[in-house]
Amino acid sequence: MSTARALFPGAMGPDGFISCFDHLIPSEELRRMIILKGGPGVGKSTFMRRVHAALCGGGEPSTLYFCSGDPDSLDAVAVPHAGLLILDGTAPHTVDPKIPGARDSIINLGACLNEEAMRPRIGHIRACMDDHAACSRRARACLKAAWALELDNAAVLASAVNEPRLSRMTRSLIKTVLCLDAPPSDAPSIRPVITDAVTPKGELCLIAENAQSRVIRLVRHWAMDLTPVLRELSFAVRSAGYAVEEHLCPTAPGRLLHLGIPALHTLVTTSDLLPSEQTFDFAACIPQSNLLRHECALEQGRAGIKLHLHRAVSALSQAKQLHDELETFYVPNMDFTLWQQTLDKTLASLDAGKQAET
């Protein structure tokens, strides 16, 4: 039975690609990093899946990092028990070795390409890449427009909040989260993660694949930004000696959506996709009279946000189609016998490294 966790290693935001590639596996767990290079269609995602299947066939815990630009493909795999991180190191998340040779290595799957056969298609490939870049720019512009409206709506609600009630509820939330006990850490860390992204398939949320045994839901008005509450909770949890996972919102840089406290087996979420042990109704911190006063402006903003996000998804979907078209130039010119030999050699080296450690 698989115990793989699912996350995005990064996602497109209004200011460009938002990356968590420096936080895919804790540095103290990392003993080997394999960086895959090569263009579209050279089998990077399949390579990672094969490595994961070989190392986690018994259901060992791992993390699968899905590509927000193609949620059916992988961008990285972390296997803690093997101390391994294997990832796609090509743009827009270019990664190079930090400790070359001793820990980090590059596998160039592009070496399996028949480059001579591809050169006559350079004009088509370049045109496809240019169109793909144009789609990405359109998607980013749409996300930027949606973000501006989100900021306006959040500011409207912030001005309408009953601050004393919000403060009391936040203190109650902190007390509830910290009612459990666990061994504290001397240096509790903050780890940014991404469970929500705008993709070619629409707005996807992987929070259900990251549930803890205790789930606390924060109920909010749809336009309400609870980042200040989550940051105050994060600070209190770290002050108590526990590491936290801060779930970023790529569509609104600087905003948090959820907070995980692994040592306390607790997830605090603004999502309604999970059954919760307890809820805190932060929407009740906005007096109904204040909400009605701004109802028209908020609904106009909401309609604009939905429209811009829909256009962003359409642009990303077109970019995905162009990426698929690019693969048709590469796949027929791949030597998959050489690709398999590269995989076999990699698996053998991982097995040899495991035996050396034991």
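The values are calculated or read from the model by the stated rules, or taken from the named source; none is laboratory data. Remember, predicted model here, so these are calculated numbers, not experimental data. Every residue, glycine as well, gets a Cβ built from its backbone with ideal geometry; the counts of neighbours run over all protein chains shown. Note: areas computed on protein heavy atoms with side chains; ligands, DNA, RNA excluded. Shrake-Rupley method; radii C 1.70, N 1.55, O 1.52, S 1.80 Å.
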* **Whole-percent carbon and sulfur share, accessible surface of the chain, 1.4 Å** => 54 percent
* Two-site label geometry, residue 105 and residue 187: point separation in nm, points 7 Å out along Cα→Cβ -> 2.9 nm
* Stretchable slack from residue 232 to residue 345, in nm (0.36 nm times residue separation minus alpha-carbon distance) -> 35.8 nm
* Asked: Quick one: how many Å² of residue 44 are accessible to a 1.4 Å probe, rounded to 10?
  -> 20 Å²
* Are there chymotrypsin sites (Phe, Trp or Tyr not before Pro) in the range 175-274 that DSSP marks as loop and that have at most 14 other Cβ atoms within 10 Å, and which are they? -> 222
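Given R₀ = 22 Å, FRET efficiency for residue 49-residue 209 by Cβ-Cβ distance, to 0.05?
It comes to 0.85.
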* Name the long-range amide H neighbours of residue 191: under 5 Å, sequence gap of 5 or more, or other chain; modelled H, no Pro or chain starts. => 244, 245, 246
* Asked: Given a 1.4 Å probe, how much area per residue of the range 301-342 is accessible, in Å²?
  -> 55 Å²
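Pull out a ≥ b ≥ c, the square roots of the eigenvalues of the alpha-carbon gyration tensor of the range 115-186, then state rounded if a/c is under 1.5, prolate if not and a/b is larger than b/c, and oblate in the remaining case.
oblate
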* To do: Mind scanning 44/201; 144/201; 175/306 and naming the pairs with a C-alpha gap bigger than 28 Å?
  => 175/306
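What is the packing order of peptides 155-162, 133-140, 3-10, taking the mean over residues of other C-beta atoms within 10 Å and listing the highest first?
Top to bottom by mean Cβ count within 10 Å: 3-10, 133-140, 155-162.
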* Cα convex hull of the chain, projected area averaged across orientations, nm² -> 19.6 nm²
* For residue 221, enumerate residues with amide H under 5 Å from its amide H, sequence gap 5+ or separate chain, H modeled in the peptide plane. => 283
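Roughly how many Å² is the accessible area per residue of the range 1-79, as a whole number, for a 1.4 Å probe? Working shown, then result.
Values: 2930 Å² over 79 residues.
Ligands and nucleic acids excluded, the result is 37 Å² per residue.
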* Asked: Label-point separation (nm) for residue 129 and residue 91, each offset 7 Å from Cα along Cα-to-Cβ?
  -> 0.7 nm
* **Cα-projected label distance for residue 141 with residue 279, points at 7 Å along beta-carbon direction, nm** => 4.1 nm
